[in-house]
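As structure tokens, the structure follows; a few thoughts come after it.
Taken together, the values in this text are just the output of simple stated rules run on the coordinates, not laboratory data. Since we're looking at a predicted model, the values are computed, not measured. As a convention, Cβ positions derive from the backbone with ideal geometry for all residues, glycine included, and neighbour counts pool all protein chains shown.
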Amino acid sequence: MGMPQKIESFSIVLLVLCNAKLYGLCNGVIDEMICMRFSVKAILCSILRLNCEFDGVDYKGIVLELLIDAFRKKGMLDEAVYVFLDVKDVDFYPNLLCCNFLLKDLLKCNRMDLFWKVYEGMVDRKMDIDIYTYNTVISAHCKVGNVDESKNMLSKMGEKGCFPNVVTYNVVIKGLCFSGAVDEALELKKSMTEKGLVADSYTYSTLIDGFCKMKRPGEARDLLEEMSSVGMEPDIFAYTALMDGFMKVADIEEAFRIKDMMVSKEIKLNHVTYNTIISGLCKVGKMEEARKLIPEMITRGIYPETRTYNFIIEGYCRENDFDKACELIEEMKSRNLALSVHSFGVIINNLCRFGDHERAKLVLEKMISGGIKPNVVIYTSLINSYVRECKFEEASQLLGSMWQKGTVPDVFCYSSLLIGLCKSKRMEEAESLLIEMRSRGLTPNAYTYGAFITGYGETGKMQLAEKFFKEMIDVGITPNIVTYTSLINGFCKDENITQAFSTFRYMLDNRFIPDTQLYSILIHGLSKNGKLNEAMEVLSDLCHKGFVPDVYTYTSLISGFSKQGNMEKAFLTYEEMRRKGIVPTIVTYNTLIDGLCKSGEIEKAKELFDEISEKGLAPTAVTYAAIIDGYCKAGNLAESFRLLEEMQSRGVIPDSFVYNSLVNGFCKEGNTEKALSLFDEMVRMGLVTVHTFNNLIDTFCKLGKLSEAITMVKDMVDMDIMPNHITITILINYHCKEGMMKQADELFLEMLKRDLVTSNVTYTSLLHGYDKIGDRFKMFALFEDMLEKGIEPDEVACGVMMETYFKEGDTKRAFELWSEYVIKNVNFSSAGAQSGGDRPSKVIEILNNMGMQGFMPSLAMCRTLACVLEKAGHTDMLADVLEIMSKFGWIPKAMGLSDLISDNKVDVQTI
């Protein structure tokens, strides 16, 4: 029944002994109960229950104090705290000494969670705490970095009738020094005098150490002198701290002066003193001086320890002198010093840092043969070294060997290799390694997930990147700013701006503050996708939040405006950038020059080009390519050639783009001789591309020189440059114009066989060709094929087909085509240029034909056509169109032009 009899027996004996005040024997019984592995709960329940039945005398207080003390002495702090907290409802008030000892041990063992529970329990029980309790609690506040609370307790102790002593002040002074508030600590030391307290050697030594750690050894030296002036003899701790302070500021001479002072005062130097000097010398590269101290140590009877040698080994490694570092390993062996993992790890890590992973591997083998087991950190350094040089096979082999040699790789070890594989876009290998890692029971961390998100983002596989991001969130790992930046950058590169913004908003909702880099990536993505208004809004938000846009941010905007041909806004952005003191780079200039050239503003582009050298920048191959192409398109080939010569004289090597621009320029002039001369030069330089051949083939076709064009095609194949869809489309267009439809059809079939892209131009050429020979059946079949492939016909193709449908008498289909494509996409200003300028008159002709055949378009269609014509700038046609519409009854006779247009102010791009 109830508790096991055995526990009750122990509990009865315990209470009997307590009654007899045989507390020593009580401790023995408690020890036995603990050794019997009774749970603390069982022991406690047994004692409390039996205490109630024991002759009406309450011994539980004494027994429970003994129980707390027994658990505490055995290091069973959880059990000791359990006893203290669990009996708070049974009128138990342990004595202050018991509580103070428990608090002290909890603090010593860094069990801060239990510490605060016990202290709160003491406060709840309204226990009168003493100076020892205050000192312990103040120490706890300092330990967790809560120095303000420790100062608060110090100032309010007197109100509780407990006045601080020197130990209390020393605890707070140490806490302030540890947090870097050395000036405040010094003021507190001065206030001790007002309280009638005298600072002791510990006070001074703590302050000296604090000032030295803050690299203020001069003030620390003043404290040492003050210490001596008040009759205190500084100890080795104070001198060593001061010496270390001067070493930290590289004042070697003063550090040695203090060492000499110690010797003159007959203060015996120890390992700590010498290690401080040696470490300081090694950090400033004075390796020989550091090494000379070893014999001096031995002369003084202080034998160097492993730590001493490790400082010198680290120093030699920093100096890239690995031979001497390895010599020290042998010297350590000869002195029978225990070689540590750290000794070898320092050498291996630094060899890896300098890229000498082969030698690092030899040191690793030497380490293993010497019976020292490498740790995960050493292996990770080696793996990182291989990964940096993209030697993934070697890194993978090393990872595998860890298991064989008994060192279990951790998640950081695997992540090092995973990050490298993902950076190199070897995603399949990375996925396989991730599976292996998980099979070993390792859980991916933020770096692992970040690597995959970045890797898949760089390879354009955003679905997989997003999958890893969602998984990361689901397992409770918070993405950092780098992860968010990688994901958003990936979406921007994938032109998925909607998802990029969605991720950005999610990041803001989770209280992450974007940095300039992330804002710049968003601005770049928006600008690249032509969303300049949104990009400017993001720029405004960036500035509003106090971030400063960088040159990359502004260059992205300039590039976006330039690509849209809006050079006015591009230059306004450029000027704003310069007003803010942001210096444009050569990329900024290249962007502006390219935009100006494409807009036909070649002279302004040349002015900007000349400005580059004045700004201390050098034109790059991209700069020359842009301006040479601009002059070629403007027909100024002489200036293009001059720039080519200048480019070569500056050591900037022209690429195929530059030569193709020149070839294209001469082709447009019809100067095939010069174009072929450049072509031969390109062949010698290995710069010929499919674009080069296409320029020449197109020129020969336009000049009616088919045999030369065919020769060019053969040359292409001989040079292993396969004709592309543009090459074959050029040839198809030529054959169609010449009425050679059989050959054109064969070329078209070759395109289909090779899965080459068939474009609007390809189909339009064929449609024109079959129209010439009157093969309407072929035209209808081609047009349907074009639509099935999702190729939207332009106004030229639509015009040809509308005329064909009219000729065939299919007015309904002609009108459907007009409503589906012409109104939706027509651009009469460009159409005129493409079809001899008679396209507007064709519209009038088509409308007349439709009316005469009795076709009745809706009023909405008529309004839309009127708006399209107005938008295209053909106001001269509107009166004629209105007359036709009124004549055939498509619109009310009373409706004027203004009524027709104003009632339908729509954006034709949305139709």
For this session: Starting with the highest mean, order 387-395, 721-729, 669-677, 417-425 by the number of other Cβ atoms within 10 Å, averaged over the residues of each peptide.
Result: 417-425, 721-729, 387-395, 669-677
Problem set entry | Shape category assigned to the range 355-489 from the gyration tensor of Cα positions, a/c cut at 1.5 | prolate
For this session: Compute the length gained on full extension between V341 and M112: take 0.36 nm times their separation in residues and subtract their Cα-Cα distance, giving the result in nm to one decimal.
Result: 79.3 nm
Exercise. Taking a point 7 angstrom from the Cα of K423 along the C-beta vector, which residues in the range 460-482 have backbone N less than 19 Å away?
Worked result: 460, 480-482
Problem set entry | Cα-based convex hull volume of the range 409-461 per residue, rounded to whole Å³ | 59 Å³
For this session: Treating cross-link reach as a plain straight distance, find the lysines whose alpha-carbon is under 18 Å from the alpha-carbon of K737, omitting any fewer than eight places away in the same chain.
Result: K702, K705, K772, K778
Problem set entry | Inter-label distance, nm, simple model (7 Å from Cα along the C-beta direction), N270/K6 | 4.8 nm
Exercise. D183 to V144: FRET efficiency via 1/(1 + (r/R0)^6), r the Cβ-Cβ distance, R0 22 Å, to the nearest 0.05?
Worked result: 0.50
Seminar exercise, completed: Out of G406, M112, S201 - ranked by how far each Cα lies towards the positive end of the dipole of the chain, with unit charges on the beta-carbon of charged residues - the top one is S201
Seminar exercise, completed: Taking the convex hull of the alpha-carbon atoms of the range 479-578 and averaging its shadow over every direction gives an area in square nanometres of 5.8 nm²
Seminar exercise, completed: Expressed in nanometres to one decimal, the distance between label points 7 Å along Cα→Cβ at N671 and E330 is 7.4 nm
Exercise. Which of T478, T206 comes first, and how do the rest follow, when ranked by fewest Cβ neighbours within 10 Å?
Worked result: T478, T206
Problem set entry | Fewest-first ranking of E601, E330, E79, E746, using other Cβ atoms within 10 Å as the exposure measure | E330, E746, E601, E79
Exercise. For Rg/Rh (Cα atoms, Kirkwood Rh), which listed value, (1) 0.95; (2) 1.15; (3) 1.07, comes from the coordinates shown?
Worked result: (2)
Exercise. By its C-alpha gyration tensor, with a ≥ b ≥ c as the square roots of the eigenvalues, how is the range 596-666 shaped: rounded for a/c under 1.5, else prolate for a/b larger than b/c, else oblate?
Worked result: oblate
Exercise. Taking R0 as 60 Å, what's the FRET efficiency between D899 and C390 from their Cβ-Cβ distance, rounded to 0.05?
Worked result: 0.25
Problem set entry | Estimated translational D of the range 137-229 in µm²/s (Stokes, Kirkwood radius over Cα pairs; 25 °C; 0.890 mPa s) | 185 µm²/s
Seminar exercise, completed: Of 764-771, 892-899, ordering from highest average Cβ density within 10 Å down gives 764-771, 892-899
Problem set entry | Eligible aspartates and glutamates near K668 by straight Cα distance, threshold 20 Å, same-chain separation 8 or greater | E601, D629, E639, D680, E681, D698, E708
For this session: In whole angstrom, note down how far apart the Cα centers of the range 233-275 and the range 80-156 are.
Result: 39 Å
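Using only the Cα atoms of the range 189-331, build the gyration tensor, take square roots of its eigenvalues as a ≥ b ≥ c, and label the shape rounded, prolate or oblate: rounded if a/c is under 1.5, else prolate if a/b is larger than b/c, else oblate.
prolate
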Seminar exercise, completed: Among K21/K117; K174/K215; K213/K283; K108/K174, the pairs whose Cα-Cα distance exceeds 25 Å are K21/K117
For this session: Can you put W403, W116, W818 in order of Cβ neighbours within 10 angstrom, beginning with the fewest?
Result: W403, W116, W818
